[in-house]
Amino acid sequence: MMCAPRRCGRFSLRVVNWCDGMKIAIFGLGYVGFTAACCLTREGHEVIGVDVNADKVSEINAGLPPIKEPKVAELLTEALSKNLIRAVVDIPDLSDVDLAIVCVGTPSSTDGSHNMDFVAEVTRQIAETVSPDRARPLTVAYRSTFRPGTVRQLIEPIFRNALGDRAAHAVEIIYNPEFLREVSAVDDYFNPPKIVVGTADGNRSVVMDALHENLDAPVFYTAFEEAEITKFVDNTWHATKVAFANEIGRICHRMGVSAKTMHEIFVSDTKLNISPYYTRPGGAFGGSCLPKDVRALQHIAGEVGAHTHLIDSLLQTNLAHKTYQAQDIMNRLPKGGRVLMAGLAFKAGTDDLRESPNVDIARRLLDAGYQLSVYDPAIEPADLRGQNLGYAFTHLPDMDSLLVDRATAETGPWDLVIGSNRIVNDLSLGDTEVVRTYEYD
């Protein structure tokens with residue numbers, strides 16, 4: 001993460017004075033584009049809004065917002081009084097424009113994918129209008145939602161086709177997703193939860209630093225692809241939360257439980273329930289609590305007729321994840337290869353094997369004919385008791401013969417080491433390939 005500095009437009013990369021604001025062209029004056037245009041004028045930037053809808057353009061120039069959103073009417077009136085905003089139908093002269101922001105729509109196609117026709121057409125128009133001999137590149141920032149790979153596979157080729165070898169000198173391509181909610185869009189613009197800037201190499205952009213210098217938020221500079229997927233992840237997570245909350249609400253309603261009280265208790269826990277703890281991509285869930293309680297809640301929901309399709313899918317998607325990880329490991333191994341699994345328990349430092357995803361992956365490797373050894377210093381088969389003992393030997397009846405000591409683990413040789421939990425970090429494994437299933441890089 002890189003946090004944008006507080007400064008007034010003097011940069012070491014090239015000397016440009018933007019203390020009096022930049023000249024910005026915004027393509028697409030829908031919800032996102034129009035809100036951004038109004039907010040940018042409040043910060044002293046001069047904005048030219050471009051939209052194919054002539055009626056919308058006329059309304060904006062007459063001081064009539066094309067959307068219903070708190071505070072935008074006041075911002076538009078103020079901007080017009082200062083001659084900081086105007087709307088046009090045709091693409092303007094870009095010779096003195098510092099930044100172009102593309103906010104055109106990406107509607108759903110019949111197969112569910114985004115229709116990129118509007119994005120491609122606007123990009124083509126910008127590429128044909130921008131001069132290849134500019135003193136400094138025109139920064140073109142895209143805020144429309146993009147599938148990862150779109151900038152490199154669609155946007156960059158359009159500019160290269162129009163500008164040839166001068167494309168890199170003429171334009172600086174940026175992917176800068178927005179995070180605005182309806183009804184609070186203006187407040188969200190000035191108080192964003194985060195700022196994400198995708199660039200070709202993940203390095204900073206002088207223009208984008210200037211654009212965001214008055215906003216107090218963490219700034220993430222990444223490659224295009226990580227920035228592009230951000231909006232998909234955020235919106236799908238929001239949808240998941242709504243669906244989950246409503247399924248829980250249905251269960252509560254059927255059982256005469258106060259959903260309001262349940263929610264107050266749930267959101268009060270910011271250590272686990274509202275935290276990054278369970279949202280880091282990594283291994284499947286397991287242990288003595290999660291699988292058992294999910295099954296029980298599924299049973300309750302079915303019994304009371306709550307129809308909880310999301311909750312019902314949890315164990316299935318968890319099983320799919322274990323299958324995915326096991327197959328990924330096997331794809332890296334030669335036939336009958338030697339494998340060390342570092343960590344068999346659900347968590348490092350414990351001997352809890354109940355529904356450990358590592359036990360499941362170990363069983364799959366053995367069934368497929370691989371030579372598996374296991375290093376987990378917390379596990380002593382003679383000390384296992386009750387359900388823990390039963391689960392371990394039901395799934396791995398030869399567990400005693402699989403366990404090796406630290407010296408053997410570090411000596412090998414292994415075709416692959418599986419880092420199932422953090423104990424792998426304590427081993428000296430030389431150049432042996434390590435696959436960490438408990439986290440994704």
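The values are calculated or read from the model by the stated rules, or taken from the named source; none is laboratory data. Because the structure is a prediction, the values reported are computed rather than measured. Because the Cβ atoms are built from the backbone with ideal geometry, glycine has one as well, and the counts that use them run over all protein chains shown. Areas reflect the complete protein model, heavy atoms only, side chains present, ligands, DNA and RNA absent. Shrake-Rupley method; radii C 1.70, N 1.55, O 1.52, S 1.80 Å.
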Taking the residues in segment 334-350 that are aliphatic (A, V, I, L, M) and part of a loop (DSSP other than H, G, I, E, B) as candidates, determine which candidate is surrounded by the fewest Cβ atoms within 10 Å (Cβ to Cβ).
-> 348
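Kindly indicate which of 105, 49, 33 is under 28 Å from the mean Cα position of the chain (by Cα), open to solvent by less than 10 Å² (accessible area, probe 1.4 Å) and either of a type in the set (Gly, Ala, Ser) or over 23 Å from residue 209 (Cβ atoms) (or both). Before you say what the answer is, go through the steps one by one.
Working: 105 fails: open to solvent by less than 10 Å² (accessible area, probe 1.4 Å); 49 fails: under 28 Å from the mean Cα position of the chain (by Cα).
Step by step, each of 105, 49, 33 is checked, and only 33 is under 28 Å from the mean Cα position of the chain (by Cα), open to solvent by less than 10 Å² (accessible area, probe 1.4 Å) and either of a type in the set (Gly, Ala, Ser) or over 23 Å from residue 209 (Cβ atoms) (or both).
Within segment 148-165, restricting attention to residues that are open to solvent by 10 Å² or more (accessible area, probe 1.4 Å) and of a type in the set (A, V, I, L, M, F, W, C), which residue is nearest to residue 32 (Cα to Cα)?
Taking segment 148-165 and keeping what is open to solvent by 10 Å² or more (accessible area, probe 1.4 Å), we get 148, 150, 152-154, 156-158, 160-165.
Filter once more, so that each one left must be of a type in the set (A, V, I, L, M, F, W, C): 154, 158, 162-163.
Numbers: 154: 22, 158: 24, 162: 28, 163: 29 Å.
Selected residue: 154.
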Selection within segment 333-357 - out of contact with any helix residue (DSSP H, G or I) (no Cβ under 6 Å at 6 or more places or on another chain) and modelled with pLDDT under 95 = 345, 346, 347, 349, 350, 351, 352, 356
Among what's in segment 248-297 and is in contact with a helix residue (DSSP H, G or I) (Cβ under 6 Å, 6 or more places away or on another chain) and of a type outside the set (A, V, I, L, M, F, W, C), pick the residue that is most open to solvent (accessible area, probe 1.4 Å).
-> 254
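Yes/no matrix, rows are residues, columns are (1) more than 19 Å from residue 45 (Cβ to Cβ); (2) in contact with a Pro (Cβ under 7 Å, 6 or more places away or on another chain); (3) of a type in the set (Gly, Ala, Ser); (4) buried (at least 16 other Cβ atoms within 10 Å of the Cβ):
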position: 84; (1), (2), (3), (4): no, no, no, yes
position: 109; (1), (2), (3), (4): yes, no, yes, no
position: 118; (1), (2), (3), (4): yes, no, no, yes
position: 124; (1), (2), (3), (4): yes, no, no, no
position: 142; (1), (2), (3), (4): no, no, no, yes
position: 146; (1), (2), (3), (4): yes, no, no, yes
position: 167; (1), (2), (3), (4): yes, no, yes, yes
position: 175; (1), (2), (3), (4): yes, no, no, yes
Could you list, in sequence order, the residues of segment 219-241 that are at pLDDT 95 or above and open to solvent by 10 Å² or more (accessible area, probe 1.4 Å)?
-> 220, 221, 222, 223, 225, 226
Neighbours by Cβ (under 7 Å, 6+ apart or cross-chain): first from segment 425-440, farther than 13 Å from residue 343 by Cβ and of a type in the set (S, T, N, Q); second at pLDDT 95 or above and part of a loop (DSSP other than H, G, I, E, B) | 432/414
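For residue 376, state whether it is among the charged types (D, E, K, R) and within 35 Å of the chain's Cα centre (by Cα).
Values: among the charged types (D, E, K, R): yes; within 35 Å of the chain's Cα centre (by Cα): yes.
In short, yes.
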Might you let me know whether segment 351-370 holds any residue that is without any contact (Cβ under 8 Å) to a residue 40 or more places away in the chain, surrounded by fewer than 13 Cβ atoms within 10 Å (Cβ to Cβ) and assigned by the TED database to the domain that holds residue 428?
-> yes
Criterion: more than 13 Å from the chain's Cα centre (by Cα), open to solvent by 20 Å² or more (accessible area, probe 1.4 Å) and in the same structural domain as residue 119 (by the TED database) - qualifying residue of 188, 216 = 216
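Assess whether residue 106 counts as being assigned by the TED database to the domain that holds residue 189, among the polar types (S, T, N, Q) and touching a strand residue (DSSP E or B) at 6+ places or on another chain (Cβ under 9 Å). Spell out how you get there, then give the answer.
Values: assigned by the TED database to the domain that holds residue 189: yes; among the polar types (S, T, N, Q): yes; touching a strand residue (DSSP E or B) at 6+ places or on another chain (Cβ under 9 Å): yes.
Yes: the conditions hold for residue 106.
Across segment 298-316, what is the total count of residues that are over 21 Å from residue 391 (Cβ atoms) and either open to solvent by 80 Å² or more (accessible area, probe 1.4 Å) or touching a residue at least 60 places away in the same chain (Cβ under 8 Å) (or both)? Give the derivation first.
From segment 298-316, those over 21 Å from residue 391 (Cβ atoms) are 300-313; that's our starting set.
Imposing the further condition that a residue be either open to solvent by 80 Å² or more (accessible area, probe 1.4 Å) or touching a residue at least 60 places away in the same chain (Cβ under 8 Å) (or both) reduces the set to 303, 307-311.
The total comes to 6.
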Identify all residues within segment 415-441 that are assigned to a loop (DSSP other than H, G, I, E, B), in contact with a strand residue (DSSP E or B) (Cβ under 7 Å, 6 or more places away or on another chain) and within 16 Å of residue 357 (Cα to Cα); write none if there are none.
-> 420, 437, 438, 440
Expected output for segment 122-148 (first residue without any contact (Cβ under 8 Å) to a residue 60 or more places away in the chain, partner among the hydroxyl-bearing types (Ser, Thr, Tyr), Cβ below 7 Å, 6+ apart or cross-chain) is 131/95; 142/175
Test for residue 9: is it closer than 29 Å to residue 104 by Cα, outside the structural domain of residue 70 (by the TED database) and at pLDDT below 95 | yes
Top-ranked residue of segment 381-435 - restricted to ones that are closer than 17 Å to residue 345 by Cα and hydroxyl-bearing (Ser, Thr, Tyr), ranked as least open to solvent (accessible area, probe 1.4 Å) = 420
Of everything in segment 149-185 that's of a type in the set (Asp, Glu) and outside any loop (DSSP other than H, G, I, E, B), which residue is farthest from the chain's Cα centre (by Cα)?
-> 165
From 333, 365, 353, which residue is under 34 Å from the mean Cα position of the chain (by Cα) and farther than 21 Å from residue 285 by Cβ?
-> 333
